[in-house]
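Each remark here refers to the structure printed beneath this line.
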There are 2 protein chains.
Amino acid sequence: MSADWQGKRVLVTGGAGFLGSALCHALGAAGAQVVALDALLPGTGARRANLEGSGARLVEQDLRDADLHPLVEGVDVLFNMAGQTSHAGSQADPFTDLAINGHAQLRLIAALRDAAPAARVVHASTRQFYGRPQMLPVPESHPIVPPDNNGVSKFAAEQYWLLENRVHGRPVTALRLTNCYGPRMRVMDARQTFLGIWVRRVLEGEAFEIWGGGQLRDFSFVDDVVAAFVTAAEALASKPDAAAGRPFNIGGEAPITLQDLGDAMLAAAGEGRYVLKTFPAERAAIDIGSYHADDRLFRGVTGWRPRVTLAEGLRRTVDWFRPRLPAYLSDEI
Amino acid sequence: MSADWQGKRVLVTGGAGFLGSALCHALGAAGAQVVALDALLPGTGARRANLEGSGARLVEQDLRDADLHPLVEGVDVLFNMAGQTSHAGSQADPFTDLAINGHAQLRLIAALRDAAPAARVVHASTRQFYGRPQMLPVPESHPIVPPDNNGVSKFAAEQYWLLENRVHGRPVTALRLTNCYGPRMRVMDARQTFLGIWVRRVLEGEAFEIWGGGQLRDFSFVDDVVAAFVTAAEALASKPDAAAGRPFNIGGEAPITLQDLGDAMLAAAGEGRYVLKTFPAERAAIDIGSYHADDRLFRGVTGWRPRVTLAEGLRRTVDWFRPRLPAYLSDEI
């Protein structure tokens, strides 16, 4: 990370979550003054413990009703990681999904316009609204065909933020993430990523389930994701014409089938087993098949590339959770 | 129209508006039992008088808070014309824009699932979220780059509806409309279409303004739009595999520059004048340049094509408003 982060005022929404807290640790270590805003909602992966040792100040408020003005005032950079990301949850309750990804984002945008007109913004977006890929690898120009309500609301959130650049000139970019994994991810269940429940099962000595098995996916280790966000924020300052106002895919090292990933997980853990399952009909309707990102645009603009191999990332993930599993299975937030 | 509409139970949301009321007239004439649901909000173009003689029953309720269950129960076809369509309004108040195009649409979807599980749905969508065209004519696969908040929320609305097909199998389609014009459009101002204020100015003996002048646009006369919606609903029954689950562009006869359109307006009215103006900077940011639709997909699936020439449509529009202008300039809804 560049030395420029020393003393910078940074707000990380969703700061107690998996990716948000990892950003807080990295930014804190680089000397930034970090505020982590988080509603600490059950089911999101947010935990106070994620921030231990980061130096970030945790503000426990919800974007849907917080008084945002004092929180954003004077902020230099906003990393906007807060969002509803549950696919199944969005189908069961699309209203809450839209309130978090739509209405709350508009509140944050309005507050930023009032109180931090020059702040740079890196928004956490997702590849999930591409739906079932019509080409591989998937470029940013791929049609938007959301497979669920969450895809609709997350695309709206991204576009609201990009409009702040296109209409109002704010330095804003959005990173469309693929499957992210690593320390502090949610492992209680598969709500955040199916890799979470895999890690849990392996460490519990139980079989994990692979649904399908032949689908290709790509995976981003958390340190690479953090580097992408930091690099994006720096590019918004150093080369705004290239970096602002457009979404960028963030991919992984190379795509891998889910079954090969299962084998890599077993190798990383040195133990475990999995069972192959076929998709039930009600899930097949929202499954997207194979996906891997074409992220050459972001690599070209910023020079970023993934540094952590899948084997290494899985090993570090399993090793990190091994002594911490009970804490991460607790309901305590 | 096919004879199948006799006795059909039809709900038209936004039924007192420009296009909604035109649909009510056509469906009523074909023997359907039509309920027009409309919140009669100021600035939308809704007027009770639009429904006079249609035979439709007007229900004055707002999708944001109405008890929708009894309204949708037993409905055979829903024409979903209600929506916030003001571009400038969405920039001034994105919250209301999202409440109408997002939250209220989710309410209607939920009610329909409970009380009319088999109803066909034709949703009124828009070309406006394509943003500034990257190719001409614009196909449905064009990237989605909303130029304003309204484009974000209208795309979300469309996708929420299409998910009802893709995930739940309901016969749903969406028509992406271009500039629509004709009797009963809003002429008080340019909020619904700039052609409205042109008609007003011509009939008042004042000059209308053409912003730019060289941009190409296409125009749909209201009778052709009504035919498109009716045809789409019929196709959802007769050929659901081809018609359901995808959006269709609806275009006009042939594109025309705005200055040529101004000349056509003067010819249709037999009077009037215009002044050419250059775009101010704050509007240029959300202007989209030239647009015309590639609507071959819809023509191919349904056999629909525009029947009313621009010259004829403009003449019929001006003639219709000539004796009615004072009524359409009144604030009375």
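Need the list of lysines near A:LYS8 for cross-linking: C-alpha distance under 25 angstrom, and skip anything on the same chain fewer than eight residues off. Candidates past the 8-residue exclusion: A:LYS239.
Once a ≥ b ≥ c are taken as the square roots of the eigenvalues of the Cα gyration tensor of the range A:4-57, is the result rounded (a/c under 1.5), prolate (a/b larger than b/c) or oblate (a/b not larger than b/c)? Verdict is prolate for the range A:4-57.
I'd like the mean, over residues of A:162-172, of how many other protein chain beta carbons sit within 10 Å of each residue's own Cβ.
Other-chain Cβ atoms within 10 Å of each residue's Cβ, averaged: 3.
Among beta bridges from DSSP that stay inside the range B:150-288, the antiparallel ones total about 15%. A point 7 Å from Cα along Cα→Cβ stands in for B:ALA118, and the other copies hold the same point at 6.5 nm, listed in rising order. Working from label points 7 Å from Cα in the Cα-to-Cβ sense, the A:GLN6 to B:GLU204 distance is 6.3 nm.
Distance from the alpha carbon centroid of the range A:111-158 to that of the range B:128-155 works out to 15 angstrom. With coordinates expressed along the principal axes, the C-alpha atoms belonging to the range A:97-208 extend over 53, 34, 22 Å, beginning with the largest. Distances between placed amide hydrogens fall under 5 Å for B:GLU253 paired with B:PHE219, all partners being 5 or more residues away or on another chain.
Only the Cβ atoms of Lys and Arg (+1) and of Asp and Glu (-1) were treated as charged; on that basis the dipole of chain B about its Cα centre amounts to roughly 440 debye.
Partner shielding of A:241-251 amounts to 0, given as the average count of beta-carbon atoms from other chains within 10 Å of each residue beta-carbon. Counting charges near A:PHE18 (Lys, Arg +1; Asp, Glu -1) among other residues having Cβ under 13 Å from its Cβ returns a value of +2.
Taking 0.36 nm per residue of sequence separation and removing the Cα-Cα distance, the B:MET135/B:GLU271 pair yields an extension gain of 45.4 nm. With R₀ set to 56 Å, the beta-carbon distance separating A:ARG113 from A:ALA281 gives a calculated FRET efficiency near 0.75.
What translational diffusion coefficient, in µm²/s and rounded to a whole number, does the Stokes-Einstein relation yield for chain B at 37 °C and a viscosity of 0.692 mPa s, taking the hydrodynamic radius as the Kirkwood radius over Cα pairs?
Once the numbers are plugged in, D ends up at 165 µm²/s.
Shortest first, B:ASP62 label-point distances to identical copies amount to 2.2 nm, with the label point at 7 Å from Cα along Cα→Cβ.
Of the beta bridges in the protein assembly as shown, as assigned by DSSP with both residues counted there, near 5 percent are antiparallel.
Here A:PRO326 yields copy-to-copy label distances, from shortest upward, of 8.6 nm, the label point defined as 7 Å from Cα along Cα to C-beta. FRET efficiency for the B:GLU52 to A:THR96 pair, using the beta carbon distance and R₀ = 35 Å, is estimated at 0.25. For A:LYS239, the solvent-accessible surface computed with a 1.4 Å probe is close to 90 Å², ligands and nucleic acids excluded. Using Cα centres only, tell me the gap between the range B:3-45 and the range A:222-267 in whole Å. When both Cα centres are located, 49 Å separates them.
The values are calculated or read from the model by the stated rules, or taken from the named source; none is laboratory data. Model, not experiment: these values are computed from the prediction. Neighbour counts run over all protein chains shown; Cβ positions are idealised from the backbone, glycine included. Heavy atoms of the whole protein, side chains included, go into the accessibility calculation; ligands, DNA and RNA do not. Shrake-Rupley method; radii C 1.70, N 1.55, O 1.52, S 1.80 Å.
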